[in-house]
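Colleague: Let me give you the structure first, and then I'll get to my questions.
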Amino acid sequence: LIAACCACGAAVSVVDTRASASVSCSAKSMITIENSSNRVLYEHNADQKLPMASTTKIVTAITVIERCGDLEQVVRVPAVAVGVEGSSIYLEKDEPLKIIDLLHGLMLQSGNDCAVALAVTTAGSVEKFAEWMNETAAAVGASNSHFVTPHGLHDDDHYTTARDLALITSHAMKNKIF
């Protein structure tokens with residue numbers, strides 16, 4: 001299997017390696033890698049720094065999974081996570097939820113509120129969690145990324161490349177919980 005990643009509004013998908021070798025790309029930036037080895041099969045402007053929007057949540061999820069000892073732990077939704085703009089699962093202040101359930105809301109509903117709740121409940125603040133996200137990225141060789149939010153809402157200092165996103169996604173896909 002391979003992971004195909006496109007930055008700036010495109011998607012991450014899993015593709016069978018027996019697929020056609022013909023590739024057409026309209027994205028600003030993309031890369032296709034073999035997941036087991038990270039061997040590059042195709043790339044187009046793969047090192048261009050771009051905003052990554054909700055694909056940020058891949059880094060958020062794997063950071064939580066790797067940093068949190070007990071995903072069944074019940075946490076209370078912090079006030080700062082309520083009413084976050086964009087996609088949401090409509091969390092309520094002090095609502096008790098398991099970390100794993102917040103991860104499901106993050107990845108299945110693209111919940112920006114879940115992203116903030118996870119950041120604050122695991123790291124103490126969004127800023128500290130962003131440091132953790134940057135450490136996660138660096139640990140897998142993603143050297144042209146910088147994260148400042150757990151949800152991917154626009155910030156000029158929040159960016160990645162298709163290559164880095166592919167490396168992060170490949171790493172995450174190797175985790176059985178992810």
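Colleague: For residue 37, indicate whether it is open to solvent by less than 80 Å² (accessible area, probe 1.4 Å), in contact with a Gly (Cβ under 6 Å, 6 or more places away or on another chain) and either outside any loop (DSSP other than H, G, I, E, B) or not β-branched (Val, Ile, Thr) (or both).
Modeller: So residue 37 does not fit the description; no.
Colleague: Just one of 162, 117 is under 18 Å from residue 50 (Cβ atoms), surrounded by 23 or more Cβ atoms within 10 Å (Cβ to Cβ) and of a type in the set (A, V, I, L, M); which is it? Talk me through it step by step, then tell me what you get.
Modeller: Working: 117 fails: under 18 Å from residue 50 (Cβ atoms).
Just one listed residue meets the conditions, 162.
Colleague: Residue check: is residue 89 β-branched (Val, Ile, Thr), out of contact with any helix residue (DSSP H, G or I) (no Cβ under 7 Å at 6 or more places or on another chain) and either outside any strand (DSSP E or B) or modelled with pLDDT of 95 or more (or both)?
Modeller: No.
Colleague: Among the residues of the stretch 87-114, count how many are in contact with a Leu (Cβ under 6 Å, 6 or more places away or on another chain) and either of a type in the set (Gly, Ala, Ser) or surrounded by fewer than 20 Cβ atoms within 10 Å (Cβ to Cβ) (or both).
Modeller: Here is the first cut: in the stretch 87-114, the ones in contact with a Leu (Cβ under 6 Å, 6 or more places away or on another chain) are 99-100, 102, 113-114.
Now restrict to residues that are either of a type in the set (Gly, Ala, Ser) or surrounded by fewer than 20 Cβ atoms within 10 Å (Cβ to Cβ) (or both): 100.
Residues meeting the conditions: 1.
Colleague: Output the number of the condition that residue 154 fails; it satisfies all remaining conditions of (1) closer than 24 Å to residue 46 by Cβ; (2) open to solvent by less than 60 Å² (accessible area, probe 1.4 Å).
Modeller: It is condition (2) that residue 154 fails.
Colleague: Sticking with this one: Tell me which of these residue 76 doesn't satisfy, since it passes every other one: (1) among the basic types (Lys, Arg); (2) within 19 Å of residue 154 (Cβ to Cβ); (3) over 13 Å from the mean Cα position of the chain (by Cα).
Modeller: The one condition residue 76 does not meet is (2).
Let's see how each residue does on (1) touching a residue at least 12 places away in the same chain (Cβ under 8 Å); (2) closer than 30 Å to residue 34 by Cα:
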position: 70; (1), (2): yes, no
position: 94; (1), (2): yes, no
position: 99; (1), (2): yes, no
position: 105; (1), (2): yes, yes
position: 110; (1), (2): yes, yes
position: 113; (1), (2): yes, no
position: 130; (1), (2): yes, yes
position: 156; (1), (2): no, no
position: 165; (1), (2): yes, yes
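Colleague: For the list (1) part of a loop (DSSP other than H, G, I, E, B); (2) modelled with pLDDT under 55, I need the number of the one condition that residue 13 fails.
Modeller: (1)
The values are calculated or read from the model by the stated rules, or taken from the named source; none is laboratory data. Not measured: the values here are computed from a predicted model. So basically every Cβ, Gly included, is an ideal-geometry build from the backbone, and we count neighbours across all protein chains shown. The area values use the complete protein model at the heavy-atom level, side chains included, leaving out ligands, DNA and RNA. Shrake-Rupley method; radii C 1.70, N 1.55, O 1.52, S 1.80 Å.
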